[in-house]
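The values are calculated or read from the model by the stated rules, or taken from the named source; none is laboratory data. Quick caveat: nothing in here was measured; it's all calculated off a predicted structure. Cβ placement follows ideal geometry from the backbone for every residue including glycine, while neighbour counts extend to all protein chains displayed. The area values use the complete protein model at the heavy-atom level, side chains included, leaving out ligands, DNA and RNA. Shrake-Rupley method; radii C 1.70, N 1.55, O 1.52, S 1.80 Å.
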Amino acid sequence: MNLPIQPTITVQELLESVSDTFSLKLVTGKIGLERKITVCHLQRLALALTGNSTYIDLGRIQVLGQSENSYLQQLPSEQQLNLIAGLPLSQITAILITKSLEPPKALLQLAEIANLPILVTPDPTAIAIAKLTNFLEQKLAPMIILHGVMVSMFGLGILLKGESGVGKSECALDLITRGHQLVSDDVVEVRRIGTEYLLCSAPEMVRDHMEIRGLGILNIKDLFGFSSVSLSQQLDLIIRLERWDQKKAYDRVGLDEEFSKVLEFPVPMISLPVTFGRNVSTLVEVAVRNHILKLRGINAVQEFTTRHMAMLAINTLSQKK
């Protein structure tokens, strides 16, 4: 059983990851860039600056906004120094100063000694917190690694599961030739984003690649173009491919609904028996189309059952007459 992984990110990785979308500059504390961020929500230093640093959470970025900065700047130098020295500077992950404010000199001096990274952004406090929280929610989301092939079909994320050699990759390759997209082959990283959805992606090492027995490793993007791959996709449906077992009774109507829990999140699941002569990729494509219809409130099984019951009622009435 795969156990969830709780990811972390260093301050250095944060600076490198957001450089294209978020203006963030290191002022001091370069040696401390390996400090780890483990909590996605930022914390303001307001309460701690009153002398109560008990509630400073480890692994969280601390925010020094305009109100906190103004409060420190108006203090006498000695009191400012004592107040900042009372903070657990060696344990704080990093301090973010917003609106490009000039950091208090005492903070810069003590941060340099404690190797505490001080970051500055031109964004106002509320915007800076929103941007970083949104970024960290995805980076630090609980993650699990699953064996399978993740594809994007008709705007839905489909995870093909099954034992090794059952034909998951071959099925996915056929689907790609039909215009669908590969997300990840063999190894799928699944992250739970809040309580809303699961996001799947490929580890960087295998991204855009597939392994097909007899052909070896293929670069799908080079073979079929940029539109044949997707960096990430929400997980909407699991299709489990299993070898046909003559002793097993398979559902012939479609009344049974299966779910599989991934990171405690229930995901609809369909089991497809695989045997010689069955066009698996066509069955998968039809299963996804049928799932989309169900999401729209169109259920073939329910319609058939209703029609069947109506006919039975008519026949019963006719016999009574």
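Among residues that are among the hydrophobic types (A, V, I, L, M, F, W, C), surrounded by fewer than 16 Cβ atoms within 10 Å (Cβ to Cβ) and over 23 Å from Glu163 (Cβ atoms), Leu295 is included. Among the candidates Asp256, Asp251, Asp236, the residue that is modelled with pLDDT of 90 or more and of a type outside the set (S, T, N, Q) is uniquely Asp236.
The residues of the range 69-88 that are open to solvent by 50 Å² or more (accessible area, probe 1.4 Å), of a type outside the set (Asp, Glu) and without any contact (Cβ under 8 Å) to a residue 12 or more places away in the chain, listed by number, are Ser70, Gln74, Pro76, Gln79, Asn82.
Listed by first and then second residue, the pairs linking a residue in the range 5-29 that is closer than 17 Å to Ala128 by Cβ to a residue that is part of a helix (DSSP H, G or I) and of a type in the set (Val, Ile, Thr), with Cβ atoms under 9 Å apart and 6 or more places separating them unless they lie on different chains, are Leu26/Val11. One residue is enough: does the range 290-297 have a residue meeting the conditions out of contact with any helix residue (DSSP H, G or I) (no Cβ under 9 Å at 6 or more places or on another chain) and in a loop (DSSP other than H, G, I, E, B)? Scanning the range 290-297 turns up at least one residue that is out of contact with any helix residue (DSSP H, G or I) (no Cβ under 9 Å at 6 or more places or on another chain) and in a loop (DSSP other than H, G, I, E, B). Can you name every residue in the range 193-219 that is open to solvent by 50 Å² or more (accessible area, probe 1.4 Å), part of a strand (DSSP E or B) and within 21 Å of Val262 (Cβ to Cβ)? Once the filter is applied, which keeps residues that are open to solvent by 50 Å² or more (accessible area, probe 1.4 Å), part of a strand (DSSP E or B) and within 21 Å of Val262 (Cβ to Cβ), the range 193-219 yields only Tyr197. For the range 262-292, the candidate set comprises residues that are of a type in the set (D, E, K, R) and at negative phi; within that set, the residue that is most open to solvent (accessible area, probe 1.4 Å) is Arg289. Checked against (1) touching a strand residue (DSSP E or B) at 6+ places or on another chain (Cβ under 9 Å); (2) polar (S, T, N, Q); (3) assigned to a helix (DSSP H, G or I), Ser260 passes all but a single condition, namely (3).
For (1) closer than 15 Å to Leu263 by Cβ; (2) free of Cβ contacts under 8 Å to residues at least 60 places away in the same chain; (3) of a type in the set (S, T, N, Q), each residue gets a yes or a no:
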site	(1), (2), (3)
Leu156	no, no, no
Leu223	no, yes, no
Ser228	no, yes, yes
Gln234	yes, no, yes
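Every listed requirement among (1) modelled with pLDDT of 90 or more; (2) assigned to a helix (DSSP H, G or I) is met by Val166 save one, (2). Cβ separations smaller than 6 Å between residues 6+ apart or across chains give the following pairs from the range 96-116 residues that are free of Cβ contacts under 8 Å to residues at least 24 places away in the same chain to residues that are surrounded by fewer than 19 Cβ atoms within 10 Å (Cβ to Cβ): Ser100/Pro122.
Report yes if some residue within the range 136-156 is part of a strand (DSSP E or B), among the aliphatic types (A, V, I, L, M) and in contact with a Lys or Arg (Cβ under 6 Å, 6 or more places away or on another chain); otherwise report no. Yes: one or more hits. Here is the figure for the range 123-177: residues that are surrounded by fewer than 20 Cβ atoms within 10 Å (Cβ to Cβ), under 28 Å from Glu68 (Cα atoms) and aliphatic (A, V, I, L, M) total 4.
Pairs linking a residue in the range 128-150 that is among the basic types (Lys, Arg) to a residue that is surrounded by fewer than 18 Cβ atoms within 10 Å (Cβ to Cβ) and in a helix (DSSP H, G or I), with Cβ atoms under 9 Å and 6 or more positions apart or on different chains, are Lys139/Glu13; Lys139/Ser17. Against the list (1) of a type outside the set (Lys, Arg); (2) surrounded by 12 or more Cβ atoms within 10 Å (Cβ to Cβ); (3) modelled with pLDDT of 95 or more, the condition Gly225 fails is (2). Taking the criterion of being surrounded by 14 or more Cβ atoms within 10 Å (Cβ to Cβ) and small (Gly, Ala, Ser), the residues of the range 12-45 that qualify are Ser17, Gly29, Gly32. Given the criteria in contact with a strand residue (DSSP E or B) (Cβ under 9 Å, 6 or more places away or on another chain) and farther than 15 Å from Ser23 by Cα, does Ala141 qualify? Here the answer is yes, as Ala141 does meet what is asked.
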